[in-house]
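Please treat every number below as a calculation from the coordinates, not as lab data. Quick caveat, the model's predicted, so the values are computed rather than measured. Note: ideal-geometry Cβ built from the backbone for every residue, glycine included; neighbour counts use all protein chains shown.
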Amino acid sequence: MQVTIIGSGYVGLTTGVALAYLGHQVTLLDKNPAVVSALVKGSCTIYEYGMDELMQSARHNISFTTSFAGIGSSRVILIAVGTPPKSSGDADLGFVENAVAQIAGHLDGTNYPVIVNKSTVPPGTASRVKTLVNNILLGKGIYSGVKVASNPEFLREGTAFLDALYPDRIIIGAEDRSTTEVLIELYNPIIKQSFTAPACLPRPKGYAGPVLFATNPLNAELIKYASNAFLAMKISFINEFAGLAELLNADIVDVAYGMGLDSRIGDKFLRAGVGWGGSCFGKDARAILYTAQKYGYSLPLVQAAIEVNDRQKKLVTSKIRSSLKTIPGSTIGIIGLAFKPGTDDCRETPATDLISELLNMGAFIKVYDPMAMENYQKQNPGLPVEYAADLADLAAGCDALVLLTEWEQFKNADWQSLRQLMKKNVFIDGRNLFDPRVMDELGFVYHGVGRRV
Ligand code: UGA
């Protein structure tokens, strides 16, 4: 099937490469010539596990362009442009609207591709997009039969290809059966699991394909927001109980495990820590709060999830303060800058607030991340921190280490030797990566989140 994807950011690029891998003819369109020329040269703008292998296998099925010419011959157009937050919290649909205007400007009435919103957009956007396209086409004297669908993505950074090839669900929000069928055809290799699994991403044991749920566009749009808000709330919930567990001398890791054994609750997204970050949860929670407010309604649980998350970041700072006694003049090593492992993405990473607070208190900050240092430095030019070459370089002379991203390689490092490089022995584990008893035996003054040694 001929597919054009507008926007070669995170969602567009991973979706495009996955669809091309499945055998579709994919054109990735981005307005930024630098992004397109980098992709043409085979260099990727983002890091994602599996990208090289999938891109290599799919290279004959994928092309890159900045031009909308010829877009009308696509069977499906996926819009995957950014929807950044406005200061009100509302999602800014400027990029979506520009893309739609360009698409409509290039349609001539001979072929109507299905226009699909993949970007996370406020409920009602599909119908807004349809009106926009139809108005532009009417202006050209074309009475249009354009169909607009919502097909939200549920890709997690770091496991985006796993989620794309082996999803739990595919949500198709279309206004009629024939539009749904076009999207079923698009995802058929995934639905039937008829593709050969890439070597780097073997089919998970027992995986039998996704559940396909066809609904209307409005419901699909709301499913996306409700899902992200629910996941954010789940994390905030366990973080809220982590604070109580600490006071009671209980262990939140055991509590979460015990809760997760109930299949109604489930064991996922119950890892207490420094709070959620990334470009999605906070932005989407605020956007749906704004939507509710527009209708004179409130979402107190979503509001509380944000408040608990903000408080959680502060709790980690106060943990550092209470274990170090004095912060001014102390050297603190931050382990992990990415908002989670498996990515170099530092958007809304908990590291940012924490580092700025510690700098304000007069600490000297060293940082290390195996993948995200370059991005972090680019996003925070001139930040007075020392970028360490590796964990040993980071630990040397530190009064405290604070782990914020649970990269697997951190778990396997030689902490005994690292401990000896430090000036003092405080270790704040903001992700509960380590066994408190082991860290205690290694001579650290160890603090996890919601657990005692
Ligand atoms: C999230 C959703 O999980 C995806 O389904 C969705 O498609 C995506 O947003 C999006 O809307 O585009 P992502 O932000 O990539 O994906 O990352 P997550 O794995 O959900 O993690 C988000 C944050 O929550 C991270 O900072 C992570 O460290 C934190 N987290 C996650 C916890 O603190 N505890 C947990 O138990 C799980």
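Run the simple label-point estimate for Ser127 and Asp390 please: 7 Å along Cα→C-beta, distance reported in nm.
Once both label points are built, they end up 6.0 nm from each other.
Rg and Dmax of the range 357-425, using alpha carbons, in Å: what are they?
Rg then Dmax for the range 357-425, in Å: 12.4, 34.
Relative to a virtual label point 7 Å from the Cα of Glu185 in the Cα→beta-carbon direction, which members of the range 101-138 show backbone nitrogen distances below 13 Å?
Counting only backbone N, you get 112-114.
Largest first, please: the extent of the C-alpha atoms of the range 111-270 along each principal axis, to the nearest Å.
So the extents along the principal axes, rounded to whole Å, are 72, 37, 25.
Positive end of the charge dipole of the range 281-447 (Lys, Arg +1 and Asp, Glu -1 on Cβ, about the Cα centre): tell me which of Gln293, Ala372, Phe427 has its Cα farthest that way.
The residue sitting farthest along the positive end of the dipole is Gln293.
Looking only at the range 383-412, which residues have a backbone nitrogen under 16 Å from a spot 7 Å from the Cα of Leu421 in the C-beta direction?
386-403, 409-412
Going through the cross-link list Lys283/Lys340; Lys147/Lys294; Lys224/Lys340; Lys86/Lys294; Lys234/Lys424, which pairs have a Cα-Cα distance over 24 Å in this structure?
Cα-Cα > 24 Å for Lys147/Lys294; Lys234/Lys424; rest within.
So how much slack lies between Val445 and Leu383, counting 0.36 nm per residue of separation and subtracting their Cα-Cα distance, in nm?
Between Val445 and Leu383, full extension yields an extra 19.5 nm.
With no solvent and one point per C-alpha, what does the Debye sum give as log10 I(q)/I(0) for the range 281-447 at q = 0.10, 0.14, 0.15, 0.20 Å⁻¹?
The Cα Debye sum returns log10 ratios of -0.40, -0.73, -0.82, -1.32.
Simple spin-label model, 7 Å along Cα-to-Cβ: Ser263 to Leu218 in nm?
With each label point 7 Å from Cα toward Cβ, the separation is 3.4 nm.
For the range 266-357, which trypsin sites (Lys or Arg not before Pro) pass both filters: DSSP loop (anything but H, G, I, E, B) and at most 12 other C-beta atoms within 10 Å?
Hits after loop and neighbour filter: Lys268, Lys325.
For Leu186, what charge total do you get from the other residues with a beta carbon under 14 Å from its beta carbon, if Lys and Arg give +1 and Asp and Glu give -1?
Taking every Cβ under 14 Å from that of Leu186, the sum is +1.
What Rg and what Dmax come out for the range 1-72 when only alpha-carbon atoms are used, in angstroms?
Cα-based Rg and Dmax for the range 1-72 come out at 10.9, 33 Å.
In Å, the Kirkwood hydrodynamic radius of the range 41-87 over pairs of distinct alpha carbons?
Across the range 41-87, the inverse of the average 1/r is 13.8 Å.
When the Cα atoms of the range 2-215 are enclosed in a convex hull and the volume is divided per residue, what value in Å³ results?
123
For the chain, what does the relative contact order come out to in percent, with C-alpha contacts under 8 Å and a separation of six or more?
It rounds to 12 percent for the chain.
Between Glu97 and Val438, what is the label-point separation in nm under the 7 Å Cα-to-beta-carbon projection?
5.4
Please provide three numbers in whole Å: the alpha-carbon extents of the chain along the principal axes, with the largest listed first.
Between the extreme Cα coordinates on each principal axis of the chain lie 74, 49, 45 Å.
Peptides 14-25, 226-237, 190-201: what's the order by average Cβ count within 10 Å, highest mean first?
Per-residue Cβ counts within 10 Å, averaged per peptide and sorted highest first, yield 14-25, 226-237, 190-201.
I want to make sure I understand the PRE zone here: with the label point 7 angstrom from the Cα of Ala38 toward its beta carbon, which residues in the range 327-368 have backbone N atoms less than 14 Å away?
344-346
Report the full-extension gain for the segment Thr45 to Arg321: residue separation times 0.36 nm, less the Cα-Cα distance, to one decimal in nm.
Taking Thr45 through Arg321 to full extension adds about 95.5 nm, to one decimal.
Which FRET efficiency value, to the nearest 0.05, do you get for Leu138 and Arg59 by plugging their Cβ-Cβ distance into 1/(1 + (r/R0)^6) with R0 = 45 Å?
My answer for the efficiency is 0.65.
Across 10 Å bins from the origin, how do the percents of Cα pairs in the range 95-192 run, short distances first?
Distribution as computed: 15, 42, 31, 11, 1 percent.
Roughly how many Å is it from the Cα centre of the range 178-239 to that of the range 356-433, as a whole number?
If you average the Cα positions of each part, the centres end up 36 Å apart.
I'm checking a number: the convex hull volume of the Cα atoms of the range 149-209, normalised per residue, in Å³. What is it?
81
Grab the other residues whose beta carbon is less than 15 angstrom from that of Gly209, score K and R as +1, D and E as -1, and report the net.
So the environment of Gly209 carries a net charge of +2.
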